[in-house]
1. (1) 18.9, 59; (2) 31.8, 114; (3) 19.6, 77: which one is Rg and Dmax of the Cα atoms in Å as calculated from this entry?
2. When the label point is put 7 Å from the Cα of THR111 along its Cα-to-beta-carbon vector, which residues of the stretch 86-104 have a backbone N closer than 17 Å?
3. Sequence gap at least 6, Cα distance under 8 Å: using those rules, report the relative contact order of the chain to the nearest whole percent.
4. Please give, to one decimal in nm, the separation of the simple spin-label points placed at THR220 and SER253, each 7 Å out from Cα toward the Cβ.
5. Do any trypsin sites (Lys or Arg not before Pro) in the stretch 53-135 lie in a DSSP loop with no more than 14 other beta carbon atoms within 10 Å, and if so, which?
6. Using 0.36 nm times the number of residues separating VAL59 and ALA194, minus their current alpha carbon distance, what extension gain do you get?
7. Between the stretch 172-242 and the stretch 113-165, what is the C-alpha centre distance in whole Å?
8. If you line up the long axis of helix 2-20 against the longest principal axis of the chain, both from Cα atoms, how many degrees apart are they, to the nearest 10?
Amino acid sequence: MKKITTMMIACAISLSFTTYAQVGIGTQNPQTTFHIDGSKDNPATGIPSVTQQDNDFSVTSSAKVGIGTVSPTEKLDVASGNARIRNINSNIGIGGTDRVVVADATGILKTIDFTAYSLFHARLAANQNISSSTITTLLFAAPIATSPFYSYNTGTGVMTFNQPGNYLVTLQASFTNMPAGTQLLIGIRPVPDANYLGRGSHYNAVAASGTVGELMNYTTVVVAPTAGYQIRFTAAPNQNSTIISTETGSTGSGNVTNVTVQKI
């Protein structure tokens with residue numbers, strides 16, 4: 001009689017697994033193929049609340065694992081809380097080839113090529129002659145380095161930030177063909193035009209001419225409040241002068257007027 005009873009129970013359990021294909025631990029109301037209710041607080045029927053799911057562990061028929069959720073949408077779906085990997089520094093990454101892991105707006109982890117993640121760099125397309133006290137937009141060539149954060153119009157000299165945020169800007173320019181005591185000024189202005197977002201200036205001590213100029217640098221932070229925010233890079237000396245793209249001297253030639261922008 002005992003053997004028959006045991007067999008009947010085993011058959012009933014087997015039939016239940018075959019019919020529902022769901023196993024519950026701590027719950028008689030499993031929501032997925034394998035469902036653990038850590039605090040045993042789920043209802044006897046219906047879907048557990050968000051609070052009740054917070055202590056649950058689930059595996060779906062498509063092998064998606066949920067921690068704190070019975071409806072995972074990825075191979076591993078953690079509803080809330082932090083993830084920790086112990087001794088992660090025992091496996092050191094390789095700079096230049098390894099990728100950076102980030103989370104999108106919904107919390108899904110993705111990788112980004114760090115070398116193209118946030119940097120913009122462009123060089124002046126050609127020498128530009130600038131009239132006295134005229135705010136002139138510097139026209140840079142196609143960027144040497146850029147990312148989806150930026151769009152740059154080489155025809156108008158307008159940079160568009162495709163994401164809001166804080167950006168570190170370094171602007172460098174070389175002035176030539178002007179007398180001593182000229183006020184050299186470079187800056188960053190918003191589009192539509194308004195007051196400078198940042199500017200730097202100084203007076204040259206001696207006259208400059210030819211292919212070697214008076215070099216100046218300016219670094220500041222630009223805050224892009226929204227996607228689509230636009231700026232332009234300008235020069236406005238108080239005497240006629242020339243902004244040169246490439247200096248040529250006794251020790252060789254190289255680019256001198258350029259701009260670098262990095263999201264921080």
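The values are calculated or read from the model by the stated rules, or taken from the named source; none is laboratory data. Owing to the predicted nature of the structure, the values given are computational and were not obtained by experimental measurement. All Cβ positions, even for glycine, are placed from backbone atoms using ideal geometry, and neighbour counts span all protein chains on display. For accessibility, only protein heavy atoms count, side chains too; no ligands or nucleic acids. Shrake-Rupley method; radii C 1.70, N 1.55, O 1.52, S 1.80 Å.
1. (2)
2. What the label zone holds, given the 17 Å backbone N cut-off, is 91-104.
3. Relative contact order comes out at 17 percent.
4. 3.3
5. LYS75, ARG84, ARG86, ARG99
6. 42.9 nm
7. Using only Cα atoms to place each centre, the spacing works out to 14 Å.
8. So the inclination is approximately 30 degrees.
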